[in-house]
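> This is the structure, below, for whatever I ask next.
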Amino acid sequence: MSIDVSVIIVNYNTRELLAKCLESLFIQDAGLTGFIDGTGRGNHDYESITFEVIVADNASTDGSQEIFSEEFKWAQLISCSGNLGFSKANNLGVAASKGRYIYFLNPDTEVSQGAITAIVKHMDANPECGLAGTRIINPDGSPQSSVEFSYPGQRHTGGELENLPGDIAWLLGASIVAQRSVVEALKGFDEDYFLYGEDLDLCLRARKAGFEIGMVGGNNDAVIIHHGGQSEVATLPYDKWVKKLNAELLFYEKHYEQASIARIIRNNLLQARWRIFTIKLLLPFKSARQNDLAKLEKYLAVRDVFGKAATS
C-alpha cells in the first residue's frame with residue numbers, strides 16, 4: 001500500500017499528552033495504515049489518502065512506551081537507547097517511514113479532524129513548497145505564533161540572507177510537513193542541534209536549496225492545539241534559556257558571517273546588561289514581581305551565554 005503521509009513524533013516523558021495526540025490522529029478522516037487489517041479507515045472525498053504514525057521515544061521513564069502495547073498498537077514505536085535529542089530521533093523516524101510527505105509533529109499536540117487531508121491537498125497543489133506549517137492554537141483557543149518572516153539577528157547581517165525563495169523565514173517545529181525528497185536532500189535535521197533551533201536551521205537550509213516555506217491554507221483546514229514545552233517542565237527557567245541561546249548561537253555559527261555574529265553578540269550583551277540593571281533597580285518597588293523575575297532569568301542567561309561566546 002502506498003502511503004501519503006508519515007507522521008513522525010518524538011516523545012520524551014509526555015505519556016498523557018502523547019496519548020491525546022495519538023487519539024486525535026486515530027479519528028482522522030484519512031486512512032490510518034496500521035489500523036486492524038492495514039486497509040485504512042474512514043471516508044474522505046480526496047481520493048484515498050493514507051498515513052502512518054511513527055513515534056521515536058527518547059527512553060522515557062514515565063511509562064510512555066507501555067501505551068503502544070495497549071490501545072495504540074497501530075502506531076510504530078522506535079525505542080531509542082537513550083535521550084538522543086529532537087533531531088536525531090526525528091531522523092530515525094524518517095529512516096523508518098514510507099510516506100511521500102513527512103509530517104513532524106510534537107507529542108504535546110492535538111490534531112483537528114481533517115488536518116491530514118488538508119495537508120496532503122496543500123502539498124500536492126504547491127510543489128514549490130518544500131515545507132509547510134499549520135495554524136497552531138493554545139488549549140484555550142487563542143492563536144499561537146507559529147510562523148516568522150525573519151531570522152534571529154537578521155537585521156545585523158547586512159543582507160546575507162537576501163533573495164531567498166518566498167516570504168516565510170521559518171516555522172515552529174511543533175507542526176511541520178515536508179516533501180520527502182526535500183528532507184532526504186537536506187539529510188534531515190542537523191543532529192548538531194539537540195533541542196531547540198532545529199526548525200530554524202531546517203527551514204533556512206530548505207530555502208537555500210531553492211524551496212519556499214508555506215502555510216496550509218484556510219483557518220479551519222488544519223488546526224493544531226499545542227500545549228507547549230511539556231518535555232521541559234522540570235527544567236529551571238534559567239537553564240531552559242541557556243539551552244535556547246546555545247542553539248541560537250549554533251545557528252549563527254552555521255549560517256552567518258563572523259562579523260555579523262560579532263554584532264549580534266555585542267547587541268545582545270548591551271541589551272542584557274541594561275535590562276538586568278533596570279530590572280534589579282525597580283524590583284524592590286513592585287508588588288507583582290513574577291514577570292520581572294522571569295525576564296531577569298532570561299537576561300542573566302543572555303549575559304552568560306553571549307558573554308562566554310564573546311571571549312571564546
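Every number here is computed from the coordinates shown, using simple stated rules; none is lab data. Source: prediction; values computed, not measured. Please note: Cβ atoms are built from the backbone with ideal geometry, for glycine as well, and neighbour counts cover all protein chains shown.
> Please compute the length gained on full extension between GLU160 and SER48, using 0.36 nm multiplied by the number of residues separating them and subtracting their Cα-Cα distance.
35.9 nm
> Can you flag which of LYS244/LYS286; LYS208/LYS244; LYS20/LYS254; LYS20/LYS98; LYS187/LYS243 are past 26 Å Cα-Cα?
LYS244/LYS286; LYS20/LYS254
> Also: Remind me, relative contact order of the chain in percent, using alpha carbon pairs under 8 angstrom and six or more residues apart?
19
> Provide ARG155, ARG207, ARG180 in ascending order of the number of other Cβ atoms located within 10 Å of each residue's Cβ, fewest first.
ARG155, ARG180, ARG207
> If I model a spin label as a point 7 Å beyond the Cα along the Cα-Cβ vector, how far apart are those points for ASP239 and LYS73 in nm?
About 3.9 nm separates the two model spin labels.
> What nm distance separates the two modelled labels at ALA262 and ASP192, each placed 7 Å from Cα along Cα→Cβ?
Going from the ALA262 label point to the ASP192 one covers 2.0 nm.
> Over 10 Å intervals from 0, what percent of Cα-Cα pairs in the chain sits in each interval?
Calculated over all Cα pairs of the chain, the distribution is 6, 25, 32, 23, 10, 3, 0 percent.
> Now for a different question. For the chain, modelled as a Gaussian network with Cα springs under 10 Å, which listed residue fluctuates most, LEU236, LEU17, LEU171?
Taking springs between Cα atoms under 10 Å, the residue moving most is LEU236.
> By count of other Cβ within 10 Å, fewest leading, how are MET215, MET123 ordered?
MET215, MET123
> Oh, and also: Among bridges DSSP assigns within the chain, what percent are antiparallel (round to 5)?
Bridges in the chain are about 35 percent antiparallel.
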